[in-house]
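Chemist: The structure under discussion is supplied below as structure tokens; questions concerning it will follow.
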Amino acid sequence: MTCPHCGEEMIVLELDQVEIDYCLACGGIWLDSGELEMLLDGGPEKDKLLTSFQPGEKIRERKKRCPICRKKMAKLLAGHNNERVLLDKCPRGHGLWFDSGELRQILSIGGLAESSKVVVLLKDMFGNQEDR
Ligand SMILES: [Zn+2]
Ligand SMILES: [Zn+2]
């Protein structure tokens, strides 16, 4: 699968039994449909976060294409008030794209503690790359 952001070939990593596609070049992460829910499991704010998703139509960031069907992805705002993250979502529901660092932001909005398994694994895998 190629990266929707920079076109490089992505690598597959396993994160707590969830397979994620990761781009070494830009640090972006692709999650197939349903995988975010799995990663957020146990987060006390999970439902609140998942119901906060709303279309970000007016946002003029370059549209990326779904790495599976190549359709232009829709902008999606997740989070609340001043803690919002702009994601890209396949209109056909194949999955979600997270720019570098956004997955960690989302997990934290979902209430996962810094010490939770998934967050620790992410940190181990990517270290400070994600904070660029
Ligand atoms: Zn990339
Ligand atoms: Zn798609």
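Chemist: Considering only residues that are over 18 Å from Cys23 (Cα atoms) and either in contact (Cβ under 8 Å) with a residue 40 or more places away in the chain or touching an Asp or Glu at 6+ places or on another chain (Cβ under 6 Å) (or both), which ones fall in the range 69-105?
Modeler: Those that are over 18 Å from Cys23 (Cα atoms) and either in contact (Cβ under 8 Å) with a residue 40 or more places away in the chain or touching an Asp or Glu at 6+ places or on another chain (Cβ under 6 Å) (or both): Val85, Gly93.
Chemist: Next question. All but one of (1) open to solvent by less than 20 Å² (accessible area, probe 1.4 Å); (2) farther than 22 Å from Gly7 by Cβ; (3) not in a strand (DSSP E or B) hold for Pro67; state the number of the condition that does not hold.
Modeler: All conditions pass for Pro67, except number (2).
Chemist: Could I ask something else about it? Listed residues Glu57, Glu14, Glu37, Glu114; which is open to solvent by 70 Å² or more (accessible area, probe 1.4 Å), assigned to a strand (DSSP E or B) and free of Cβ contacts under 8 Å to residues at least 60 places away in the same chain?
Modeler: On the way: Glu57 fails: assigned to a strand (DSSP E or B); Glu37 fails: assigned to a strand (DSSP E or B); Glu114 fails: assigned to a strand (DSSP E or B).
From the options Glu57, Glu14, Glu37, Glu114, the qualifying one is Glu14.
Chemist: Please specify each residue of the range 72-95 satisfying the condition of being within 16 Å of ligand 1 (Cβ to nearest atom) and over 23 Å from Ser108 (Cα atoms).
Modeler: Across the range 72-95, the qualifying residue is only Met73.
Chemist: Hey, another quick one. Evaluate the range 26-49: report whether one residue or more is within 16 Å of ligand 1 (Cβ to nearest atom) and among the acidic types (Asp, Glu).
Modeler: No, there is no match, as no residue in the range 26-49 is within 16 Å of ligand 1 (Cβ to nearest atom) and among the acidic types (Asp, Glu).
Chemist: Here's another thing I want to ask about it. Only one of these is aliphatic (A, V, I, L, M), outside any loop (DSSP other than H, G, I, E, B) and surrounded by 12 or more Cβ atoms within 10 Å (Cβ to Cβ): Ala25, Ala78. Name it.
Modeler: Ala78
Chemist: A further question on this structure: Quick check on my filter: what residues within the range 80-94 are on the phi > 0 side of the Ramachandran plot and modelled with pLDDT of 95 or more?
Modeler: Gly93
Chemist: Another one. Please state which of the following conditions Cys23 fails to meet, knowing it meets all the rest: (1) in contact (Cβ under 8 Å) with a residue 24 or more places away in the chain; (2) within 17 Å of Asp99 (Cα to Cα); (3) under 13 Å from the mean Cα position of the chain (by Cα).
Modeler: Of everything listed in (1) in contact (Cβ under 8 Å) with a residue 24 or more places away in the chain; (2) within 17 Å of Asp99 (Cα to Cα); (3) under 13 Å from the mean Cα position of the chain (by Cα), Cys23 misses just condition (1).
Chemist: Condition test on Asp99, is it open to solvent by 10 Å² or more (accessible area, probe 1.4 Å) and within 16 Å of ligand 1 (Cβ to nearest atom)? Walk me through how you get there before you give the answer.
Modeler: Numbers: open to solvent by 10 Å² or more (accessible area, probe 1.4 Å): yes; within 16 Å of ligand 1 (Cβ to nearest atom): yes.
Against the criterion (open to solvent by 10 Å² or more (accessible area, probe 1.4 Å) and within 16 Å of ligand 1 (Cβ to nearest atom)), Asp99 qualifies.
Chemist: Sticking with this structure for a sec: I'm checking my understanding of the structure. Among residues of the range 40-54 that are open to solvent by 80 Å² or more (accessible area, probe 1.4 Å) and part of a loop (DSSP other than H, G, I, E, B), which one is farthest from Pro4 (Cα to Cα)?
Modeler: Restricting to residues being open to solvent by 80 Å² or more (accessible area, probe 1.4 Å) and part of a loop (DSSP other than H, G, I, E, B), the top hit is Pro44.
The values are calculated or read from the model by the stated rules, or taken from the named source; none is laboratory data. Please read all numbers here as calculations on a predicted model, not as lab measurements. FYI the Cβ positions are ideal-geometry reconstructions off the backbone, even for glycines, and counts take in every protein chain you see. Side chains included, ligands, DNA and RNA excluded: accessible areas come from the protein's heavy atoms. Shrake-Rupley method; radii C 1.70, N 1.55, O 1.52, S 1.80 Å.
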